[in-house]
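Here the structure comes first, spelled out in C-alpha cells, and everything after it is commentary.
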Amino acid sequence: MATDIATPKLTTMADLKGKVDPDWCPGCGDFGVLAAVQKALVELQIPNHEVATISGIGCSSNFPGYINTYGMHTLHGRSLAVATGFKMANHGMTVLVTGGDGDGFGIGGNHFMHTMRRNVDLTYIVMDNHVYGMTKGQASPTTEPDWDNKLSPGGTGIRSFHPLVIALASGASFVARAFSGDPNGMADIIAQGVRHPGFSFIEVLSPCVTFRPEQREWKNHVHAAPVGPTDDAARAARRIMTDDGFNIGVLYAGDRAPYPANPGTATRVPADFEAEFEL
Ligand SMILES: Cc1ncc(C[n+]2csc(CCOP(=O)(O)OP(=O)(O)O)c2C)c(N)n1
Ligand code: SF4
C-alpha cells in the first residue's frame, strides 16, 4: 500500500491560524495584514516550523500571538535587535518582524536604521496607522503635523518621518508600500520581500479605525505605483519623496549582499568567557 511519507504536507491557511483570535477593534487594518502574511506563506509553501514572527509592543505587535509560527513578543522598539540575533543563530529560518510606526520609527528608530545598514535578511512589516493605537491615540513619528486631537490640540506642528526614504538612505535592499485593505496584493508584495535576500521593508497603510477613523478613506486614495521597481536607490528616493503617499507596490529592489547569516563557526564556548571574567 502506498504511504504518504514521500508526499510533503502542503502548508495551508489552517496550519497558520494562531491559537488565540486577535483582539483588535472591529475594522482595524491589522486583520488584513494577518491574512496577507498567512497567504504569502501559503503561496511560498514555507512550513510554519521554518518561520519566526518577532514583534515589539503595540496593537500591531500582538501579531505573533495570532499566527501559528515560532514567535517572540519582545520589548517596545526592540524587535529588530532580537530578530537580528535570532537570524544569526538560525540562518535557515524565515524571519518576519511585525509592529507599528511608534514601535519601529519612534522608540525603535535607531534599530530601524542600523538593521537596514547591515542589510540583515529579515522581512520587516510595519503596520503604519500614524498613531500610537495601544496607548490610546498619541501622535507618532508618522503623524501629520496638523492632526488636531485632544492630546495635541491644533496638531504637533512637527514634520512627519518618511520611513521609505529613511529605509533607502539606510541601506534596505527591498522597499515597498502596501495597503491592508488589499490582502491579495499585499500577500504578493510580502512573498516578494521574503524571497528577496537582505532587509525587506514593507510599510503597510493599516488604518486605526478607533483613533484615526478618517483613515477609513485611505481605500479611496491608494493606487498602484505608476512605474515598476527600480534598482537605483536615488531614483527611488526621488520618486517616493514626490509621490502622494498612496503609491502601492514594490518601489525599490537592489542587490546589495546581505549581512552574513553565518558569521563563521564559534571557536569559544560560554565557559571560556566565564573563566575570563571570573574575579
Ligand atoms: C519602553 C516602553 N515605553 C512605552 C511603552 C508604552 N507603549 C506601548 S505600545 C506603545 C505605542 C504603540 O504604537 P505603535 O507602535 O504605533 O502600534 P499600534 O498600537 O498603533 O499598532 C507605547 C508608547 C512601553 N510598552 N514600553
Ligand atoms: S486601537 Fe487602532 S490599532 Fe489598536 S486595535 Fe484598535 S483600531 Fe487597531
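Summary of computed values
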{"quantity": "Matching residues in the range 46-92 - criterion: being more than 16 Å from ligand 2 (Cβ to nearest atom) and among the polar types (S, T, N, Q)", "calculated": "Asn48, Thr53, Asn68, Thr69, Thr74, Ser79, Thr84, Asn90"}
{"quantity": "Subset tally (residues that are buried (at least 17 other Cβ atoms within 10 Å of the Cβ) and either charged (D, E, K, R) or more than 16 Å from Gly100 (Cβ to Cβ) (or both)) for the range 124-146", "calculated": "1"}
{"quantity": "Verdict on Ala176 being assigned to a strand (DSSP E or B) and touching a helix residue (DSSP H, G or I) at 6+ places or on another chain (Cβ under 8 Å)", "calculated": "yes"}
{"quantity": "Pair list, Cβ under 6 Å, 6 or more apart: the range 124-144 residue of a type in the set (Ser, Thr, Tyr), other residue assigned to a loop (DSSP other than H, G, I, E, B) and surrounded by fewer than 21 Cβ atoms within 10 Å (Cβ to Cβ)", "calculated": "Thr142/Ser160; Thr142/Phe161"}
{"quantity": "Residues located in the range 194-216, provided they are open to solvent by 10 Å² or more (accessible area, probe 1.4 Å), more than 16 Å from Gly32 (Cβ to Cβ) and outside any loop (DSSP other than H, G, I, E, B)", "calculated": "Val194, Arg195, Pro213, Glu214"}
{"quantity": "Scan of the range 68-94 for residues that are open to solvent by 40 Å² or more (accessible area, probe 1.4 Å) and in contact with a His (Cβ under 6 Å, 6 or more places away or on another chain), ordered by number", "calculated": "Ala81"}
{"quantity": "Residue in the range 47-67 that is surrounded by the fewest Cβ atoms within 10 Å (Cβ to Cβ), counting only those that are more than 14 Å from the chain's Cα centre (by Cα) and in a helix (DSSP H, G or I)", "calculated": "His49"}
{"quantity": "Lone qualifier among Asp103, Asp23, Asp15 - being among the charged types (D, E, K, R), touching a residue at least 24 places away in the same chain (Cβ under 8 Å), within 16 Å of ligand 1 (Cβ to nearest atom) and not in a loop (DSSP other than H, G, I, E, B)", "calculated": "Asp103"}
{"quantity": "Test set (1) near ligand 1 (Cβ under 7 Å from one of its atoms); (2) surrounded by 24 or more Cβ atoms within 10 Å (Cβ to Cβ) - Met116 fails condition number", "calculated": "(1)"}
{"quantity": "Hey, Leu34 away from ligand 1 (no atom under 16 Å from the Cβ) and open to solvent by less than 20 Å² (accessible area, probe 1.4 Å) or not", "calculated": "no"}
{"quantity": "His114 away from ligand 2 (no atom under 16 Å from the Cβ), within 27 Å of Pro47 (Cα to Cα) and not hydrophobic (A, V, I, L, M, F, W, C)", "calculated": "no"}
{"quantity": "Failed criterion for Val97 (all others in (1) open to solvent by less than 30 Å² (accessible area, probe 1.4 Å); (2) under 15 Å from the mean Cα position of the chain (by Cα); (3) away from ligand 1 (no atom under 15 Å from the Cβ) hold)", "calculated": "(3)"}
{"quantity": "Gly18 being within 14 Å of ligand 2 (Cβ to nearest atom), over 18 Å from the mean Cα position of the chain (by Cα) and within 22 Å of Met134 (Cβ to Cβ)", "calculated": "no"}
{"quantity": "Ala191 more than 16 Å from ligand 2 (Cβ to nearest atom), at pLDDT 95 or above and in a loop (DSSP other than H, G, I, E, B)", "calculated": "no"}
{"quantity": "Of all residues in the range 147-157 being within 16 Å of ligand 2 (Cβ to nearest atom) and either open to solvent by less than 60 Å² (accessible area, probe 1.4 Å) or among the basic types (Lys, Arg) (or both), the one that is nearest to Pro258 (Cα to Cα)", "calculated": "Trp147"}
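Results for (1) small (Gly, Ala, Ser); (2) in contact with a helix residue (DSSP H, G or I) (Cβ under 7 Å, 6 or more places away or on another chain), shown as yes or no for each residue.
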{"residue": "Gly77", "(1), (2)": "yes, yes"}
{"residue": "Val95", "(1), (2)": "no, yes"}
{"residue": "Asn110", "(1), (2)": "no, no"}
{"residue": "Asn119", "(1), (2)": "no, no"}
{"residue": "Val126", "(1), (2)": "no, yes"}
{"residue": "Asn129", "(1), (2)": "no, yes"}
{"residue": "Thr156", "(1), (2)": "no, no"}
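The values are calculated or read from the model by the stated rules, or taken from the named source; none is laboratory data. Keep in mind that this is a model prediction, so the values were computed, not measured. Every residue, glycine as well, gets a Cβ built from its backbone with ideal geometry; the counts of neighbours run over all protein chains shown. When the accessible area is computed, the model is the full protein with side chains, heavy atoms only, and any ligands, DNA or RNA have been set aside. Shrake-Rupley method; radii C 1.70, N 1.55, O 1.52, S 1.80 Å.
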